[in-house]
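Report on one structure; see the data block that follows.
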Amino acid sequence: MKKLSLISLGILASLQFTKAQVISSKKWADLFSYNNVLAMKEDNGRIVAATENGIFYYTISTGEITKLSKANGLHNIRITAFDYDPKSKTGVIGYENGAIDVVTPNEVKYIIDIPIAAGYNGNKKINHISITGEKAVISVGYGVSIFDIKKKEFGDSAFFLTGGVYEASNEATIFGNKVYSVTNTGLKSHEMNTTFPVFSTWTTEIPGAFKHIDSESELAFSSATAAFVYNNGAPIQLPVSLGNIQDVVVTTSNVVVTDSRVYTFGLNGTNSSAVDFGEQCNTATMASGKLYGGTVLSGIKDESNHSYKPSGPQFNYAYKISTYDNNQLLVSTGARAERYNTPVINPKKPGFYYYNGAEWIYPSYFKTFTGTLNVLDAILNPLDTSEVLFANYALDSQGIYKLKYNASNKDFDFVKYYSVQATPTSRRAVGLTTDAQNNIFAAFSFNNGGPAVAVYDKAKDDFNLKVSNFKSASVQKPIVYENMLWIPLSRSNAFWVYDYKDPLNFSDDTDYILVEKNGFPSTASGTLSVAVDKTGDAWISTDKGVRVLANAAKEIKGLEPKVEPIIIEQNGLGEELFRDSSILQIEVDGGNYKWVSVDGGGVYYLSADGQKTIKHFTMENSPLPTNTVTDIKVDKKTGKVYFVTYNGIVTYQGDITDVTSNFGDVVVYPNPVVYSNFKGKVTIKGLAEKTNIRITDAAGNVVHSAVARGGYYEWDLNNQRGARVASGIYFVLMTNEDGSDKATAKIGVVN
């Protein structure tokens, strides 16, 4: 079998998460942060680095950087431990949930179950991994386990149990014929023999609280403030004053200790040197004779302060995303708890991330911000697209902020703060939106008991506030449709539509409030999002399902507008779609299909009327980082779908771009269809909104006919009798609904 490079595994559709579930394909990509480097290993002039959500490879001589994540081969996120063996080209990745990925040149194997002692209910997080030959010692909260890399199975485990209490192995390594583990009570060791699993036979070499250990040609370990070389059982303390040791790494000729600076020693503990990388490092190592630091915020750094990492946002925290022309992105990072009430404050103050179409830019403004940051939304200013407005939902620094992008230094400058007449805790900025006339609107929670919107007044360079008479403490991000603001009320079983007419003249405005009597479920506690589809229907999500207001712009002004559930047939009975489920987000694509995020349930892709589930993505069968997706956006020009979660962002290349009554660029794939390589359906995209399809063989006989809606069609390669067609060339003849536009295509079939 031809060997594949580690990164090329990402193109294989055969990487399995569980049986018969493909979790990655060419359609997926990640927008993860690769800044926080947790562990590194050299491999013949290349550094392999592990970060929170993936690993990346930096080739020192060429500068080439490649990456591997759940989007192209791995099976999980939240990496907590990593080691790599250059001889066998094998990496072992440990995750927060206790699972392991074994990455070899031929496959990525997912190991779900670590050995657990009877009665152990502690954390399953993998604390540390150390590879020696074909064995890896895995450190966990209960002790250590030996993993056979070649067989891909666990061997002996030692459960560090004393007096009914389990003691964690912080780190462990194999040195000679012994396993050495550092714990909070000492450096412990045991030969790899038949009594290895019996904790009472382990030896405490040195009592004390120890954190880190590593070995290659020598064994070294450390506490939080002192590092040692274990020279034939006689520990030699390294001669340097240390305060908060982050890691100890042993290479073929050096001991590297990462503290506030990185110190390098000879294997005998002498000849120290110190390097300051200008920021906090998690780890460091020698590669090609030079020192490299694994930083918290800048990927890999060399001694000249050059940074190496894949392109990505500053952190993985993400809440909402705004998409713009030229592939620009803005990602907000805030969060709320307790029924969309209490701000969830991140001490790292992530703010927002900006992608300018070529690279990610992180404002230095957030690194020195002295107040509280909880950015729930960020948009480009339509009056000056070099400016960003963001909504800060916080108690002491609430309001709207304006920053301006400075292309010369690739940073943002502070422009203005808009308090919007707020007093502490009373007016919390939630979301921002704009209309076709470049009016800017903001939504606010907690306004003397009523939700509020504000309109930007360019002449005054300030926001004018409008408070609703309807009492509801919290709102969600609004959208604009037909010159009205459509505003979910997340702590009331209600929905607010604000007809603003002249935005700066509040006297002619009209409020429409939909409540339970208008059709919302009686068990609901709030509306969470809204999307208007191509037919003008408003799809409103609640914490108890979905409601649709047909012909929304007209019906909202009627005497008794009614929102209706989607009723689907299940086993011959009518059933409400997503009944009792909390729906976080609804997005409409270019073919009028619906993407729906269910809290804890992943993402559903529905037909235009909601009657058919086309796809259902979860973290178990796809690269989604979590089953709670807080935002979805579709780029209608490209069909790319963005899925936003608190654990990072992934994208999916959809089949549908913006669909019209005429044909776009018709594409058939895969083509030709070789049965030995592909057993799925053939996709035809670029179709008209309604397309009449006839598929004929080379003799002109019709073998299949259909009517496709929404811009694409999938053919199962069966003929009209339900049997698979023979090998050959097939012609696809297509017309739009009124016959004014036509298209043709050819499909090669090899059985």
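The values are calculated or read from the model by the stated rules, or taken from the named source; none is laboratory data. On a predicted model such as this, the values are computed, not experimentally measured, just so you know. Ideal geometry is used to build each Cβ from the backbone, glycine not excepted, and the neighbour counts take in all protein chains shown. Areas reflect the complete protein model, heavy atoms only, side chains present, ligands, DNA and RNA absent. Shrake-Rupley method; radii C 1.70, N 1.55, O 1.52, S 1.80 Å.
Keeping all protein chains in position, work out how much accessible area Lys290 exposes to a 1.4 Å probe, and write it in Å² to the nearest 10.
120 Å²
Length gain on complete extension for the stretch Thr368 to Thr201, per 0.36 nm per residue less the alpha carbon to alpha carbon distance?
Here the segment from Thr368 to Thr201 would lengthen by 54.8 nm.
Could you compute how much accessible surface Ser61 exposes when probed at 1.4 Å, giving the result in Å² to the nearest 10?
My reading of the accessible area for Ser61 is about 110 Å².
Going down the list Lys87/Lys188; Lys41/Lys348; Lys615/Lys640; Lys26/Lys125; Lys636/Lys690, which pairs span over 24 Å between their C-alpha atoms?
Checking Cα-Cα distances, Lys87/Lys188; Lys41/Lys348; Lys26/Lys125 exceed 24 Å.
Kindly give the semi-axes, whole Å and largest first, of the ellipsoid equivalent to the stretch 164-249, taking each as the square root of 5 times a Cα gyration tensor eigenvalue.
22, 15, 10
Please list, in order along the stretch 556-563, the HN-Hα scalar couplings obtained from phi with the Karplus expression 6.51 cos²θ - 1.76 cosθ + 1.60 (θ = phi - 60°), rounded to whole Hz, x for Gly and Pro.
5, 9, x, 6, 9, x, 10, 9
Tell me, what % of the accessible area of the chain is carbon and sulfur with a 1.4 angstrom probe? Write out the running numbers ahead of the final one.
On the way: 14870 of 30640 Å².
Of all accessible area on the chain, carbon and sulfur atoms account for 49 percent.
Taking H placed 1.01 Å from N in the peptide plane, check which residues at least 5 places from Ala227 or on another chain put their amide H under 5 Å from its amide H.
HN-HN under 5 Å from Ala227: Leu238.
Which ³J(HN,Hα) values in Hz, rounded to whole numbers, follow from the phi angles of the stretch 459-471 under the Karplus curve 6.51 cos²θ - 1.76 cosθ + 1.60, where θ = phi - 60° and Gly and Pro get x?
Each residue's phi maps through the Karplus curve to give 4, 8, 6, 7, 9, 8, 9, 10, 9, 6, 6, 6, 8 Hz.
Would you compute, from DSSP H runs of 4+ residues alone, the mean residue ellipticity of the chain at 222 nm, taking -39500 (n - 2.57) per run and dividing by the full residue count, rounded to the nearest 500?
Numbers: 1 runs with 4 residues, N = 751.
It lands at 0 deg cm²/dmol.
With a 10 Å radius around each residue's Cβ, average the other Cβ atoms per peptide and rank 199-206, 94-101, highest first.
Per-residue Cβ counts within 10 Å, averaged per peptide and sorted highest first, yield 94-101, 199-206.
As a test of reading the structure, rank Arg694, Arg547, Arg721 by solvent-accessible area (1.4 Å probe, protein chains only), most first.
Correct descending sequence by accessible area is Arg721, Arg694, Arg547.
Under a 5 Å amide H to amide H cut-off, with H placed in plane at 1.01 Å, what residues pair with Thr385 once short-range neighbours are removed?
Result for Thr385 returns nothing.
At 7 Å along the Cα-to-beta-carbon direction for both Ser522 and Glu620, put a label point, then send me their distance in nm to one decimal.
Label-label distance for Ser522 and Glu620, simple model: 3.4 nm.
In debye, nearest 20, what is the charge dipole magnitude of the stretch 322-459 about its Cα centre with +1 on Lys and Arg Cβ and -1 on Asp and Glu Cβ, if you could check?
Computed charge dipole of the stretch 322-459: roughly 400 debye.
Under Stokes-Einstein, with the Kirkwood radius over Cα pairs standing in for Rh, what whole-number D in µm²/s applies to the stretch 55-177 at 10 °C and 1.306 mPa s?
Numbers: Rh = 15.1 Å.
Approximately 105 µm²/s, per Stokes-Einstein.
Can you compute log10 of I(q)/I(0) for the stretch 267-334 with the Debye formula, treating each Cα as one identical point scatterer, at q = 0.17 Å⁻¹?
With one equal scatterer per Cα and no solvent, log10 I(q)/I(0) is -0.75.
Ranked from highest to lowest mean number of other Cβ atoms within 10 Å per residue, what is the order of the peptides 731-740, 377-386?
Top of the packing list down: 377-386, 731-740.
Rounding to the nearest 20 debye, state how big the charge dipole of the chain is about its Cα centre with +1 on each Lys and Arg Cβ and -1 on each Asp and Glu Cβ. Each step should come with its number before you reach the end.
Details: 70 positive and 75 negative charges, 165 e Å.
Roughly 800 debye, rounded to the nearest 20.
Return, for the Cα atoms of the chain, the radius of gyration and Dmax in Å, separated by a comma.
Using the Cα atoms of the chain, the pair Rg, Dmax is 29.2, 89 Å.
Based only on Cα atoms, what Rg/Rh ratio does the stretch 211-327 have, Rh being taken as Kirkwood's radius?
That ratio is 1.11, to two decimals.
Let me check something: with ligands and nucleic acids excluded, how do His704, His75 order by accessible area (1.4 Å probe), largest to smallest?
His704, His75
Under the √(5λ) rule applied to the eigenvalues of the Cα gyration tensor, what semi-axes describe the equivalent ellipsoid of the stretch 370-521? Give them in Å, descending.
For the stretch 370-521, the ellipsoid semi-axes come out as 27, 18, 13 Å.
Which value, in Å², gives the accessible area per residue of the stretch 504-549 when a 1.4 Å probe is used on the protein heavy atoms?
Values: 1590 Å² over 46 residues.
Computed with neighbouring chains in place, this is 35 Å² per residue.
In the stretch 488-599, what is the volume of the convex hull around the alpha carbon atoms, normalised per residue and reported in Å³?
Considering the Cα atoms of the stretch 488-599, their hull volume per residue is 126 Å³.
For the peptides 32-44, 223-235, what is the packing order when you average, over each peptide's residues, the other Cβ atoms within 10 Å and list the highest mean first?
32-44, 223-235
Rank Ser25, Ser69 by accessible area, highest first, at a 1.4 Å probe radius? Numbers along the way, then the final one.
Details: Ser25 35, Ser69 0 Å².
From most accessible down to least: Ser25, Ser69.
Regarding the stretch 76-115, what is the average projected area of its C-alpha convex hull, in nm²?
Quarter of the Cα hull surface area: 2.9 nm².
How large is ³J(HN,Hα), in whole Hz, for each residue of the stretch 53-70 in order, when computed from phi with the Karplus curve 6.51 cos²θ - 1.76 cosθ + 1.60 and θ = phi - 60°, using x for Gly and Pro?
Ordered by residue, 3J(HN,Hα) equals 10, x, 10, 9, 10, 10, 8, 5, 6, 10, x, 5, 10, 10, 9, 9, 9, 5 Hz.
Looking at the stretch 198-356, send over the antiparallel percent of its DSSP beta bridges, to the nearest 5.
Here the antiparallel bridges make up roughly 100 percent for the stretch 198-356.
State, in angstrom, two size descriptors of the stretch 209-274 derived from its alpha carbons: Rg to one decimal place and Dmax to the nearest whole number.
Considering the stretch 209-274 through its Cα atoms, Rg and Dmax are 10.1, 29 Å.
Kirkwood Rh over alpha-carbon pairs of the stretch 572-694, then Stokes-Einstein at 37 °C and 0.692 mPa s: what D in µm² s⁻¹, rounded to an integer?
207 µm²/s
Beyond 21 Å, what percent of the Cα pairs of the stretch 287-379 remain?
43 percent
Search the structure for amide H atoms under 5 Å from the amide H of Gly186, placed 1.01 Å from N in the peptide plane, and list their residues when 5 or more places away or on another chain.
Hits under the 5 Å cutoff: Gly208, Phe210.
Rounded to two decimal places and with Rh computed the Kirkwood way over Cα pairs, what is Rg over Rh for the stretch 126-196?
0.94
How far is it, in nm, from the label point at Ser676 to the one at Glu279 when both lie 7 Å from their Cα along the line to the Cβ?
Spacing of the two 7 Å Cα→Cβ label points: 5.1 nm.
Determine how large the accessible area of Asp502 is when every protein chain is in place; take a 1.4 Å probe and give Å² rounded to the nearest 10.
The accessible area comes out at roughly 80 Å².
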